[in-house]
Every structure is written in structure tokens, then in C-alpha cells.
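Structure record follows, encoded as C-alpha cells.
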Amino acid sequence: MRITAEDGHGMEPAPESEPPRGDGRIPFTFRIGVTGHRELDKPDDLRQPIREAIVRLLTLAPVAPGAGLALVVVSALAEGADRLVAEEVLASGADQKMVLDMVLADLDARLEVALPMDAEKYLEDFKTEESKEEFRCFLARARPGDTWQAPAELEREKAYERAGRYLVDRCDVIIAVWDGEKSKGRGGTAEIVAYAQEQGVPIAWVHTVGGLPVSYALENKRAEVVTAAAEKLRKYNAAEIEKPKLDKRMRELREELMPDIARQIPVDPLGLSRQSIADWVFPYFIRADILALRYQRRFRWLSLAIFALAALAVAVVAVQTNFWPELDWLAAFEVVFLGTLLGILMMNRRLRLHDQWISSRFLAERLRSSYFLALAQTGDRRGRSSRLAYLSDSSEAWIERALTEVSARRPDLDSGAPPTRALRDYLNHYWIESQILYQAKTSERQHTFEYLLIRATELLFLVTLAAAFVHIFAGSIFSDPGKAGLEHHGFWEGFLVVVSIVVPAFGAAVHGFSTQRQFRRHSERYGRMAGVLAQVQAEMADATTIEQVREVAAATEQIMREENSDWFGVMRFHDMELIT
């Protein structure tokens, strides 16, 4: 319903988070900040321009059909423009919805508040009791954790400036309801608009006097990053996953993490709220996990094909030159191999297999940890990060937004504090111990791959060395001075030449594949991680209070997050490259 200013009692409390999507698609979080004048001569005349500005700004964020968009208005909730824009965004009225139906399948709007000072002190700036009550009703619509406040020690004008700058830094776009004049005080509309321009934030200027209803400044760096991040999340959401595969993975995950809960009567024998937490996060995790495995498999097979095709192209030339020099058409195979190699690179660049693989895997690991953190009732429920919503890298930006949006939908647990011992043992076995086993097993597997590839490279080198040695000392034995071409050199001498050329090419391919996969580095990292988690496991086993359990759980998540971030930072620079 629409929030009216006629009487502050018409406002409703913040709606509950919508239920999780069964296929794990994640809405794109799009933040609109508002700055503007407190005193507006004809506020109702500005409603339509504000709606037009909202619709225009939303075109910066492409959304997959059915995935939805989480529209967040960030406002200081002062009188006038702050509340007017917040009201229009939260209303998501019928007229606006009809315009958006061409782009969005779903629109979810909510409020974040940026206060310059404590709410009670802030109320002193409002003129009437009606205005104060309206502020309280707006503030009640913000979810817990979605209210930011400037440092209390700041002077009043500087506090307003800090709140305005926070709003610009936090948001993707700004709506300025402004007359175009200079600010009357510090932190005024003109200063905030100027700061937004300096930071490259897209701006929709709703004119309060004269001129066009709305002016736009959308061509800038932040708009590019926001659009690129939305496009990456759109592709993530648009990926098709068969429902039987989703259902099968859901059953497997429940059997893995909740084997003691009957499906017919889902009563948790441990007294934990695993069922509601699973209903929330499992669909999101399963989608990320399935897509990560899909993109990883495709990327690795195509990477292997590139190295193999490069070696085969060399082999074709060597065989044709030494055995059938008169058959020039055999060189066409070299062209085919190199052309296929180039096609794979172009396809990978278009499909972004590598980026989608590592992004989906990073997201999946963070979502898996979210399940255990939610059970411990710790972690940042609203995904409120010290990092702002805007990041200069679109890959990081879409992942951070996805995690923030999923965290914002985390359900409240109404079962009270979980039993300490049961929770401790569950987290230790199903989370920490499971991760230790995974890290140790993966470290061993990476070490085995590294060992086999080193031995293969050494074998190929020895074969090349042997072929060169035999070719030097056996040339006179295999050659026939009375014949020309292959007949003069003899089959075996030609064979040795081919081996001397082709085997090093395959050796280079093996080495290149090993270098790209970074087996040794990953083996050491996984092994080190297993050791660190073993120490955490001991700390969890010694925990005797719920506070200690939560502290160790938070520390575990931080360790895993830092490790995943390090992995993401390393792997993103190991994409497919052209081999010459």
C-alpha cells in the first residue's frame, strides 16, 4: 500500500522476506539514494517525474526473467524529498509495475536508512508532531540492521554531510530533487550532488523549478560496473537446471546434513531449526554448486583440448614434412586444429566459462557456510558489510550483492537458544570435520596430479633425448645415398626426426596444462587449510557455552572466507590463453 503523509498511522511495518525461490535464483540488489530539499511547494506534482526517474534508472540493471530485482531506497528520511522518493519506491504501484513488466518478472522494494544522528535527536529537526510520527513509521519499515548512523561525535552540519556521502557511496544511483541552487548549509543537496558527480554515480535530477521534469547523467564508470554486475547475475539466473537434478541434489544434501530428520514429520531431534534454515539457503547453494561443477567441467575439458590441439598441429607439420612432403593438402589438418583452438578461445571469451566457474564456486562455498552460521545464530544476518555496495570490479560486485540479498532473506529462529552441546557437536562434525576431510583429500589429489604430470614431462624429455641421440649416431645406418627424400633418409631416421619435434610439443602441452592448473600451489594451500581447521576443530570441541560456540563458528567462517577470497584472487588470472 502507499504510504501517505496525511496521517502517519496509515503505514504498515516492514513486510517479511519473501519465501526462497525453489530454483535458487537471486534477485539483483539495486540501491537508489535520495537527496533533495525539505520544503517542496507542490510535492504531488513531483510524483510522476520521480516515477519516471525510477523506471529509467532501472534500465541500468538487466534482470533474468523470473529472477526478480530487489529495489532498495536509501534515505535519511528528512521531510520533503527524502520521504517522497522513499514513498514512491516502496509503493511499487500499479502504474510503475505495468511499465516494469516488460523488464522484470518480480519487484521487491525495501528501505535502508542513513541517519545523520541518533533518531531521538534527529526528531528535533522536524517541525510538527505529525512529521515526527511519519518519520517513526518510515523508520519502522526498515528491517533490523538496515539503519546506519553517522558517528555521534560529529557536529550537526558535518553529520549531515557524512550521511549524504555515505548515501552516495552506498548506492548505485542517486535521485536528486533539487532546484539547482547552491546549498544553504553544509551537507546540502548541491554538495551531495557534486560529490556524486565526483564519484561517478549516475544521477537523475528531478527539477523542482522550471526546465525539464527530469535530467539524467548516466554515462559514467559506476553505471558501467552496475550494468556489468547485473548482466553477470542475469546470466547466472538464466542458466537452465533441470528440476529432477535440483530435486536429486536437494535430497542428497538433506541426507548429508540432516540424516536424523524424518521427511514425513520433520521434527529436529537436536532442537535446532535446521528445517527452516535448509528451506532458506539450500536452493541458493544447490544452484551455485551445480553451475560451478558444470562450468568447471566445461572449462577444464576445453583447456585440455587447447593444449592438445596445439601439440597436434605441430605433429601434423612434422609428419607431413618428413614422410609425405608431396602431400601439401595434409597441412589443412594443421589449419583445422589451429582454427578449432581459436574457436574454443573465442567461445570461452563469449561464454565466460572461467569467470562463471570461479564465481559460482566462491558463491557456493560462502552459501554453504551460511547454513551453519544461521544455525549458530551468528554472522551478519543482513549481510551488512563494511564494504559498500559499489565495487569497481563487476565480478566481485555481483557476488557481493548476491550474498547480501540471500542474507537479507535469512529467516528468524524462534526456538530460542539451541542446546550448546548438540549444536557444538553438529557444527564440529558436519561443518569443520567435513571441511578438514575435503581439504586433506583435495590436497592429496592435487599432489598426485602434480606428481603424475612431472613424471610424464620427464618421460617425454627422456624420449626426446633418446631420439636425438639415436638420430645423431645412427644417421649413416638408416640413410641410403642412392635414393632421395624419405627413401634417402630411411623410414626410421624420419621417424626419429618426427619424435624429436612432436614429443617436445606434447611435453610443452603437458607443462602448460600443469602450470594453468597450479596443482602444487593448490596442494599446499589445501593442506595448510586442513591444518588450520584442525586447530579450530579442537577449539570447538572445548567450547562449553553457546557464546563460545558462536565465537568459534564465526572464526571458522572468517578463515574459510579468507581462503576462498585468496583462491578466487589467484584463479581469476588463470583463464585460457592463446598458445603460439
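The values are calculated or read from the model by the stated rules, or taken from the named source; none is laboratory data. Please read all numbers here as calculations on a predicted model, not as lab measurements. Don't worry about glycine lacking a Cβ; one is built from the backbone with ideal geometry, like all the others, and counts go over all protein chains shown. Remember, those area values only see protein heavy atoms, side chains included, never the ligands or the DNA or RNA. Shrake-Rupley method; radii C 1.70, N 1.55, O 1.52, S 1.80 Å.
For Tyr216, what is the net charge nearby, where nearby means another residue's Cβ is under 11 Å from its Cβ and Lys, Arg count +1, Asp, Glu -1? Let's see the in-between values first.
Numbers: positive: Arg56; negative: Glu52, Glu219.
Neighbour charge sum, excluding Tyr216 itself: -1.
Within the set Lys132/Lys158; Lys127/Lys158; Lys127/Lys221; Lys42/Lys127; Lys245/Lys441; Lys42/Lys132, which residue pairs have Cα atoms separated by over 29 Å?
Numbers: Lys132/Lys158 22 Å; Lys127/Lys158 21 Å; Lys127/Lys221 40 Å; Lys42/Lys127 18 Å; Lys245/Lys441 26 Å; Lys42/Lys132 21 Å.
Over 29 Å Cα-Cα: Lys127/Lys221.
Mind ranking Glu224, Glu450 by accessible surface for me, highest first, 1.4 Å probe? The partial results should precede the final answer.
Details: Glu224 130, Glu450 25 Å².
Output order, biggest surface exposure first: Glu224, Glu450.
Expressed as a fraction of 2.2 N^0.38 Å, the rule-of-thumb size for a compact globular protein of N residues, what is the C-alpha radius of gyration of the range 309-385?
Values: Rg = 24.6 Å, N = 77, 2.2 N^0.38 = 11.5 Å.
It is 2.15.
Once ligands and nucleic acids are excluded and a 1.4 Å probe is used, how much of Tyr426 is accessible, expressed in Å² to the nearest 10?
10 Å²
Sorted by mean Cβ packing within 10 Å, highest first, what order do the peptides 249-257, 300-308 take? Provide the component values of the computation, followed by the final result.
Values: 249-257: 14.6, 300-308: 17.4.
Top to bottom by mean Cβ count within 10 Å: 300-308, 249-257.
Tell me, what % of the accessible area of the range 513-567 is carbon and sulfur with a 1.4 angstrom probe?
On the way: 1250 of 2690 Å².
Whole-percent figure for carbon plus sulfur exposure: 46.
Considering only DSSP beta bridges with both partners in the range 172-240, what is the antiparallel share in %, to the nearest 5? Write out the running numbers ahead of the final one.
Details: 4 of 9 bridges.
Counting only bridges with both partners in the range 172-240, antiparallel ones make up about 45 percent.
So, for the range 184-234, what is the accessible surface per residue at a probe of 1.4 Å, expressed in square angstrom? Intermediate values should be presented prior to the final figure.
On the way: 2470 Å² over 51 residues.
Using a 1.4 Å probe on heavy atoms only, each residue of the range 184-234 averages 48 Å².
Report the full-extension gain for the segment Arg349 to Arg156: residue separation times 0.36 nm, less the Cα-Cα distance, to one decimal in nm. Walk me through the intermediate numbers first.
Values: separation 193, 0.36 × 193 = 69.48 nm, distance 5.17 nm.
Answer, rounded to one decimal: 64.3 nm.
State the Kirkwood hydrodynamic radius of the range 417-457 in Å, one decimal place, computed from all pairs of distinct Cα atoms. Don't skip to the end; give the middle numbers.
Working: mean 1/r = 0.0812 Å⁻¹.
The Cα-based Kirkwood calculation yields 12.3 Å.
Using only alpha carbons, build the gyration tensor for the range 21-85 and give me the equivalent ellipsoid semi-axes, biggest first, whole Å. Intermediate results must be reported in sequence, preceding the final value.
On the way: eigenvalues 168, 32, 14 Å².
Its equivalent ellipsoid spans semi-axes of 29, 13, 8 Å.
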